[in-house]
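Right, one structure below, let's go through it.
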Amino acid sequence: MTLRTSTLLLALGLSACASSPKPAPEAPSAPEPQTTAVTQPTPAPEAGPRTVPAKPLLKPEPLHLVVQPNPDSPIVSFRLVFHSGSVDDPKGLEGLTSLTADVLAEGGTEKLSSAQLLEALFPMAAELRTFTDKEFTVFEGRVHKDFLGRFLDIFTDVLLAPRYDPREFERLRANALSTVKNTLRSADDETLGKVALESMLFEGHPYAHFVGGTVQGLQRITLGDVKAQASRVFTQDRLVVGLAGAVDESLQNTVLERLRKLPPTGAPAVELPAVTVKPGQALIVEKPALSTAISMGYVTPLRRDDPDFFAVAFALSYLGEHRQTGGVLFNELREKRGLNYGDYAYAEHFIQEPGTTYNRTNLAHTQQDIQLWIRPVVPANAVFATRGAVYFLQKLVDEGIPQDKFELSRGFLGGYARLWEQTDQRRLGFAIDNLFYGTPNFLEKYRAALKGMSPESVHAAVKRHLRPELLNFAFVTQDAQGLSETLKGGVATPIQYASQKAPELLEVDKAISTLHLPIHADEVKIVPASDVMEK
């Protein structure tokens, strides 16, 4: 059946984290911040802003074909990846590319209404999805070979002969607006915090706005804008065609022949500017909430095509692999201190693939970001938890990874990385990412690199790229003014436990509670949730 993913599933997929079982916090009280002066030394920030240049991704030839045949498989997988994303949204029409993909995938074709399209796909148990990110939009399909002819007609008609039904356009635009106003602003504090963080990291850059759009942008978009955007950005020169499974030469030729009916070219590719790195900012999003969600990060030139990427990715997996229990942050903040249900670290932009714990494929970014996520904590512990994450990040930079933990993490990641390519869609996704990054056989090289790493080589790469002093912070909380004053005051924020803790842990807590956060008092800002993604 047809499943629309795009921005809605971005939000829903991430919000799934919030619905995971959460251990009860250890009855934290609400200690008043102490006036103890913070004395913990931290590295001095670099003087003045620095920039992360825009090193363009590679550009495959038009209709570049990636084929992964498997004659023994009864399934055929299609993955059409356009080098087109929210960076292509015209100013004032934020969300246009994502909404255009929605209308194409869900709005019906010239032959089938939206409802008829669903009815046609259901008996075939076929899948047709789309997803839009900053620089890429994916249309993916999957069907049993017995239904290949019928499905291929529908799949290609979605792009070549869309229905552009005004009622479906209004429905999908209303859905996109609801995602912003009702889902993200009201019910998904984790994703709201990440959207706020990205708006701060990429201020003035085409990455800054939410992929799904802004309220004012979505309200301005017309069906005419959608038609025009489809012809501007879903063109042959931006398209890579992925096929896997029961694929023969005849099918390859048929698919390419049909897709040659797309416009050869459209709008010129957006030239991304350099990002000015401005560390030490804190954006507090104020809304009714029982807990405080925290995200932190900074923009980095480190990408998969950098020789240090594997080592840094390994180190951040050790610090906090997404939704895994072995990470340092998970164990120190959740398991030992009961602060929340999970704490994670990421070497590149991360959006959870629905139904998995893995990163999506085809999220290639010209300029990447390193992030740490602290899942919601009770407000009284928000600053302590933030300090805790920075403390263990700094400890990683200062001390590296102990030999025994290094071997444990290497064993885990060597096996876990094999799970990342367990479906045809994910193998196609990695293969297509490799075209844009210029990293052939990326996963094979990652696993080979793991074998050659040592604690010393990883530590050297960590010291070159992990920079706690460059962090910016986003909080989603109710008492924004109180949090602002605590951050600006730089006072100690001790934690209190309902049960007895080991003396060694309490000694570490003393260091955490007085850690100097790299936040400048004059860069702490409060915004109401209603202002986020407004324009």
At 1.4 Å probe size, what's the solvent-accessible area of ILE351? Round to the nearest 10 Å². 10
Hey, which aspartates and glutamates would be in cross-link range of LYS336, C-alpha to C-alpha under 12 Å, not counting anything within fewer than 8 residues on its own chain? GLU26, GLU504, ASP509
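Give a quick list of trypsin sites (Lys or Arg not before Pro) in the range 54-145 that DSSP marks as loop, anything other than H, G, I, E or B, with at most 15 other Cβ atoms within 10 Å.
On the way: sites: ARG79, LYS91, LYS111, ARG129, LYS134, ARG142, LYS145; in loops: LYS91, LYS111, LYS134.
Passing sites in the range 54-145 are LYS91, LYS111.
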Radius 15 Å from Cβ of PHE412, net charge of other residues (Lys, Arg +1; Asp, Glu -1): +3
q = 0.28, 0.29, 0.33 Å⁻¹, the range 365-411: log10 I(q)/I(0) [Debye, one scatterer per Cα]: -0.98, -1.00, -1.10
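Please label the shape of the range 303-377 as rounded, prolate or oblate, based on the square roots a ≥ b ≥ c of the eigenvalues of the alpha-carbon gyration tensor (a/c under 1.5 means rounded; beyond that, a/b larger than b/c means prolate, else oblate). Walk me through the intermediate numbers first.
Working: a/c = 2.33, a/b = 1.64, b/c = 1.42.
It is prolate, given that a/c is not under 1.5 and a/b is the larger ratio.
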Sort 151-161, 360-370 by packing, meaning the average of other beta carbons within 10 Å per residue, with the highest value first. 360-370, 151-161
Taking the range 407-471, which chymotrypsin sites (Phe, Trp or Tyr not before Pro) meet the DSSP loop condition and have no more than 12 other C-beta atoms within 10 Å? none
Over 18 Å between Cα atoms, which of LYS134/LYS445; LYS59/LYS134; LYS395/LYS510 qualify? LYS134/LYS445
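Is the range 433-535 best put as rounded, prolate or oblate by its Cα gyration tensor, with a ≥ b ≥ c the root eigenvalues, rounded for a/c under 1.5, and otherwise prolate when a/b is larger than b/c, oblate when not? Don't skip to the answer; put the middle values down first.
Details: a/c = 2.58, a/b = 1.40, b/c = 1.84.
The shape class here is oblate.
How do the peptides 376-382, 250-256, 481-487, 329-335 rank, highest first, by the average count of neighbouring beta carbon atoms within 10 Å per residue? Don't skip to the answer; put the middle values down first.
On the way: 376-382: 23.3, 250-256: 14.9, 481-487: 17.3, 329-335: 21.0.
With the highest mean Cβ count within 10 Å placed first, the list reads 376-382, 329-335, 481-487, 250-256.
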Need one number: the % of Cα-Cα pairs in the chain sitting beyond the 29 Å mark. 53
Lysines whose Cα lies under 25 Å from that of LYS111, excluding same-chain neighbours fewer than 8 positions away: LYS145, LYS227, LYS261
How big is the range 138-267 on each of its three principal axes, counting only the C-alpha atoms and giving the largest first in Å? 48, 31, 28
Rank these by accessible area, largest first, 1.4 Å probe: GLU523, GLU444. GLU444, GLU523
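Quick check on packing: order 383-390, 178-185 by the mean number of other C-beta atoms within 10 Å, highest mean leading. Walk me through the numbers before you get to the answer.
Working: 383-390: 25.8, 178-185: 19.9.
By packing density, highest mean first, the sequence is 383-390, 178-185.
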Relative to the longest principal axis of the chain, what angle (0 to 90°, nearest 10) does the C-alpha long axis of helix 223-233 take? 90
Surrounding charge for GLY429, neighbours by C-beta under 11 angstrom, Lys/Arg +1, Asp/Glu -1, total -1
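Quick one: grab the alpha carbon gyration tensor of the range 341-459, order the square roots of its eigenvalues as a ≥ b ≥ c, and give me rounded if a/c is under 1.5, else prolate or oblate depending on whether a/b is larger than b/c. Numbers along the way, then the final one.
Details: a/c = 2.00, a/b = 1.34, b/c = 1.49.
Note, shape of the range 341-459 comes out oblate.
With the Cα gyration tensor of the range 444-497 in hand, give its eigenvalues times 5 under a square root as the equivalent ellipsoid semi-axes, listed largest first in whole angstrom.
Values: eigenvalues 301, 37, 32 Å².
The answer is 39, 14, 13 Å, longest axis first.
Given a 1.4 Å probe, how much area per residue of the range 363-417 is accessible, in Å²? Walk me through the numbers on the way to the answer.
Values: 1560 Å² over 55 residues.
Value returned for the range 363-417: 28 Å² of accessible area per residue.
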Would you list, by chain and number, the aspartates and glutamates whose Cα falls below 14 Å from the Cα of LYS451, excluding same-chain residues fewer than 8 positions away? GLU407
Would you mind pulling out the separation of the Cα centroids of the range 405-435 and the range 149-198, in Å? 29
Counted charge near LEU177, where neighbours are those whose Cβ lies closer than 14 Å (Asp, Glu -1; Lys, Arg +1): +2
Whenever you get a sec, compute what percent of the accessible area on the chain sits on carbon and sulfur atoms (1.4 Å probe). 53
Grab every C-alpha pair in the range 203-307, bin the distances at 5 angstrom width from 0 up to the longest one, and report whole percents. 2, 7, 10, 13, 14, 13, 13, 12, 8, 4, 3, 0
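The values are calculated or read from the model by the stated rules, or taken from the named source; none is laboratory data. From a predicted model like this one, the values you see are computed outputs, not experimental measurements. Positions of Cβ are generated from backbone atoms using ideal geometry, with glycine treated the same way; all protein chains shown enter the neighbour counts. Side chains are part of the model used for accessible areas, which takes the heavy atoms of the whole protein and leaves out ligands, DNA and RNA. Shrake-Rupley method; radii C 1.70, N 1.55, O 1.52, S 1.80 Å.
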